[in-house]
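Here is the structure we will look at.
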Amino acid sequence: MPAQSTVNDIDRERCCETIVVVGNGMVGLRFCEKLVAADINRRFRIVTFCEESRAAYDRVGLTNFFAHRDAEKLILARKEWYESVGIELHIGDRAIQIDCERKSVRSMKGVQLHYDKLIMATGSFPFVPPVPGIQKQGVFVYRTIEDLEQIIAYSKKARTCAVIGGGLLGLEAAKAAFDLGMETHVIEFAPRLMPRQLDETGSKTLLRKIRNIGVHVHLNKSSKAVHGEGSIQRIEFNDGSSLDCDMLIVSAGIRPRDDLAKQSGLQLGERGGILVNDRLQTSDPHIFAIGECALHGGMIYGLVAPGYAMAETVAANFCGDDRAFEGTDLSTKLKLMGIDVASFGNYEAGPDISNSLTWEDPFSGVYKKLLFSLDGKRLLGGILVGAAADYGSLSVFAKTGAPLPCAPHELIMGSSKGSSALGGVDSMPDSAQICSCNNVTKAAICTALDEQNLESVAAVKSCTRAGTGCGGCMGLVTDLFQARMKAAGKVVNNHLCEHFAYSRTELFAIIKAKQLKSFADVLHHSGRGGQGCEVCKPAVASILAGLWNDFILKPEHQTLQDSNDRFLANIQRDGTYSVVPRVPGGEITPEKLIVLGVVARKYNLYTKITGGQRVDLFGAKVQDLRLDLGRTDRGGFRKRSCLRKVPANSEELRRDYLVSLRGPGFGGVRNSHRTPLQGRSFTA
């Protein structure tokens, strides 16, 4: 049943234009919000059809569902909001027929009504390649909350998961599978990851960091068939190779959902998508298309920010404005598997219009490429991998085209005076766009802070919507908030993050006093709810390690660690790892020295005695970093052995001397740990 409106429906039908919105995703909801806000005279009656069982939710933050498992936390607007503004919401009811001549629409549940204008916001659907066997049990797409619920349930009986697709969504799906405890493989048809957002060098940097985490990546792979008796057991590739797996997630791109438009006689593009003009009108002047189903200027936009811009354009024009949609900024900043990745502006500018500066640090896994105008006075765009703290400021200068306040090289190397080359958020003009998803300017945030006396970043997000889209602007929003608070003479708190109302020092004291032993306990006793974030998890992990000396790879601690801590080893420039066995006091038995030599010889590890009188083993390969480990006694101390293909009682296990880089190493479980002041090492 449709929601009851606060305005009499019959009176509204007589005096108002009826706007039907087909689709209640993020873009469909944004159109409703913008039209309600602009419709001061209440000229419009809005009816929206929502095919899913719940109203619009945050698909950009879909991966967060794996952490909290609560769909309500992703909902963007409650039913009460729709009722309060007079929107008729039909949940679980799909529009199945549009009669363009009669200007009527009919739904799956039999609702039929007349419209004056209709908005197609049907979005897209996951592209599933036509591979034989792809319909077997254990194969999933990564699109809705229901998809994620099914993935979580099936993962409980799966050990190895493959993900088809090395783009944005594919890498998010891979992270989800990895966090669910499965051995994870990414399969990409192209020769590099994220080919639409990164250049070759940026992609290689990302590839190294992802492999260092423990995720396997297979490039230039095309799937030929999916094999298995009823459920998936193996993927066969066109090059003759294959991969054993018992779960498959397909994230190979999207296709515009234009079937209803085609059935209604609307003009489509050659490869799909509803053709629209600069006012987002379709071939029928009374029907408009926005979001991923719309084909504008030969392009389907797969990001939320362009969809929001489309929704705002149409809503404004309905209320008397005269706007044109001329494309939009495709800047994006994401954290993929804990790795910052960003691209902004015209990051594909050619040498005919740009000069570029690049910085690559293979030791820390950082890559930066900035493109400038030929005279070096303006920033055109850029790519950032591994370190994207400057994304906000850089993207603003790329969008505005404002003259740079510094030499080009200072944007990468920093100012010779030690200060920010761009001068920080204070130097930005008031017209600078802080949040591209919601089109929030610096002036809008400053006005909200001054007029509404906002005293937290969360309040800024709630009031202005800045940071509620992809989240890539949150660093800039926080910097602006702190700068304005400081200028107003107000105390800015040093809370660790939004999940803890304490500084790191205060949280250390609390954990110590209350004897809290896990992140879950800390969050329960001292947190504000939620599941933690990339800021508080490593901080709490470090505190717990320093206080309680617990084994950091216990299940309750493992997901808090960075890649080096997960492997208990140090990544080297060539992608291999070094292992440093700890020898307390320099005392070691001959038996233990023999074991070190056997391990080094068997696995071809380069070995040397350092100036600090330590034994360093170099060249360990990432494929030896395994979770399914057994233990054996050899040389007078315990260690772990790689058991990927070895049964626990086999003779090979008793002969195997491999020190797993993800296990506690020579010291055993209780003595192997890392505090904030220690190196990554193993106790002998």
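The values are calculated or read from the model by the stated rules, or taken from the named source; none is laboratory data. Just so you know, these numbers come straight off a predicted model, no measurement behind them. Counting neighbours? That spans all protein chains shown, and the Cβs are built from the backbone with ideal geometry, glycine included. Heavy atoms of the whole protein, side chains included, go into the accessibility calculation; ligands, DNA and RNA do not. Shrake-Rupley method; radii C 1.70, N 1.55, O 1.52, S 1.80 Å.
A few comments on the model shown:
- Matching residues in the stretch 580-608 - criterion: being part of a loop (DSSP other than H, G, I, E, B), in contact with a Gly (Cβ under 7 Å, 6 or more places away or on another chain) and more than 17 Å from residue 618 (Cα to Cα): 589
- Selection count, the stretch 363-396, where residues are of a type in the set (A, V, I, L, M), open to solvent by less than 30 Å² (accessible area, probe 1.4 Å) and either part of a strand (DSSP E or B) or under 14 Å from residue 201 (Cα atoms) (or both): 7
- Extreme residue, surrounded by the fewest Cβ atoms within 10 Å (Cβ to Cβ), among residues of the stretch 99-142 that are hydroxyl-bearing (Ser, Thr, Tyr) and touching a residue at least 60 places away in the same chain (Cβ under 8 Å): 124
- Residues within the stretch 165-183 that are of a type in the set (A, V, I, L, M, F, W, C) and open to solvent by less than 20 Å² (accessible area, probe 1.4 Å), tallied: 6
- Residue count, the stretch 143-154 (criterion: open to solvent by 20 Å² or more (accessible area, probe 1.4 Å) and more than 19 Å from residue 51 (Cβ to Cβ)): 2
- Residues in the stretch 220-261 that are part of a loop (DSSP other than H, G, I, E, B) and either free of Cβ contacts under 8 Å to residues at least 40 places away in the same chain or among the polar types (S, T, N, Q) (or both): 220, 221, 222, 229, 233, 238, 239, 240, 241, 251.
- The stretch 327-362, residues that are under 27 Å from the mean Cα position of the chain (by Cα), at pLDDT 85 or above and assigned to a loop (DSSP other than H, G, I, E, B): 346, 347, 348, 349, 362
- Residue in the stretch 504-520 that is surrounded by the fewest Cβ atoms within 10 Å (Cβ to Cβ), counting only those that are in a loop (DSSP other than H, G, I, E, B) and over 26 Å from the mean Cα position of the chain (by Cα): 515
- Selection of the stretch 222-234 for residues being open to solvent by less than 40 Å² (accessible area, probe 1.4 Å) and either under 26 Å from the mean Cα position of the chain (by Cα) or among the charged types (D, E, K, R) (or both) yields 222, 223.
- Some residue of the stretch 202-219 being assigned to a helix (DSSP H, G or I), touching a strand residue (DSSP E or B) at 6+ places or on another chain (Cβ under 7 Å) and basic (Lys, Arg): yes
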